[in-house]
1. From the backbone phi of segment A:2-7, what are the Karplus-calculated ³J(HN,Hα) couplings (6.51 cos²θ - 1.76 cosθ + 1.60, θ = phi - 60°) in whole Hz, Gly and Pro given as x?
2. Could you work out the mean count of beta carbons from other protein chains within 10 Å of each residue's beta carbon in B:33-45?
3. Are there GluC sites (Glu not before Pro) in segment A:1-84 that DSSP marks as loop and that have at most 16 other Cβ atoms within 10 Å, and which are they?
4. Given +1 on the Cβ of Lys and Arg, -1 on the Cβ of Asp and Glu, and no further charges, what dipole in debye does the protein assembly as shown carry about its Cα centre, rounded to the nearest 20?
5. Take every residue in peptide A:103-109, count the Cβ atoms of other chains within 10 Å of its Cβ, and give the average of those counts.
6. Which loop trypsin sites (Lys or Arg not before Pro) in segment B:40-112, with loop taken from DSSP, have no more than 13 other Cβ atoms within 10 angstrom of their Cβ?
7. Provide a whole-number value for the mean count of partner chain Cβ atoms within 10 Å of the Cβ atoms in peptide A:36-49.
8. Given H placed 1.01 Å from N in the peptide plane, which residues other than close sequence neighbours of B:A17 have an amide H under 5 Å from its amide H?
Amino acid sequence: EAGVAQSPRYKIIEKRQSVAFWCNPISGHATLYWYQQILGQGPKLLIQFQNNGVVDDSQLPKDRFSAERLKGVDSTLKIQPAKLEDSAVYLCASSLRPGTNTEAFFGQGTRLTVV
Amino acid sequence: AQSVTQLGSHVSVSEGALVLLRCNYSSSVPPYLFWYVQYPNQGLQLLLKYTTGATLVKGINGFEAEFKKSETSFHLTKPSAHMSDAAEYFCAVTLTGNQFYFGTGTSLTVIP
């Protein structure tokens, strides 16, 4: 079974530039998550999708971050414009459905450096 | 609101020694608790989880954790450390299975 695919693996941009990350979840997984993991901290949920609908985006900085999951499969996370404090690893995860009895599978992440 | 606190950002043990990684939670209602492991440049992998039922939970790679409501703890243990256990470990809590709250992580070093 293929895992969660993310690209790119690494990205370096200057502040005020824009950047986009892509995630392809495990086939058949209805739930998709984007997490931000700042160095030295645990992952923080940015947004959760159920199919192509948003379940929770309460911690997404909507003035600069946006995410979409068209057709309920792949997802993109965009930052525009980027700030220095956005430097982090962005993790995508997917699960069959939300709930505590379903495991969330994580991708390898995209490491973003904003200079 | 729920949260977890991981005591000790860095833990070092000798190969073959007991591994003990501490996690305490804060929740107004019984939570669901998880331990994840993260190897360098990798995503998170589920080690084990507690939802309901037996309070001693066994996971992969010989790890186990015990849910202690009276102590609000969910410490992770392994009787004998192996070099391949060196990684970052995260405790997480959720009430609903949607919003997960992760601890700040514990980096485990195994000394040969």
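Please treat every number below as a calculation from the coordinates, not as lab data. Since we're looking at a predicted model, the values are computed, not measured. Backbone-built Cβ (ideal geometry, glycine too); neighbour counts: all protein chains shown.
1. Here the 3J(HN,Hα) series is 5, x, 6, 9, 10, 8 Hz.
2. 4
3. Working: sites: A:E1, A:E14, A:E68; in loops: A:E1, A:E14.
Here the GluC sites (Glu not before Pro) that fit, given the DSSP loop and packing criteria, are A:E1, A:E14.
4. Working: 19 positive and 16 negative charges, 78 e Å.
For the protein assembly as shown, the charge dipole is close to 380 debye.
5. On the way: counts 4, 8, 4, 7, 3, 4, 5.
Mean partner-chain Cβ count within 10 Å for A:103-109: 5.
6. In loop regions of segment B:40-112 (DSSP not H, G, I, E or B), the sparsely surrounded trypsin sites (Lys or Arg not before Pro) are B:K69.
7. For this peptide, the per-residue mean of nearby foreign Cβ atoms is 4.
8. Distant-sequence amide H within range of B:A17: B:A81.
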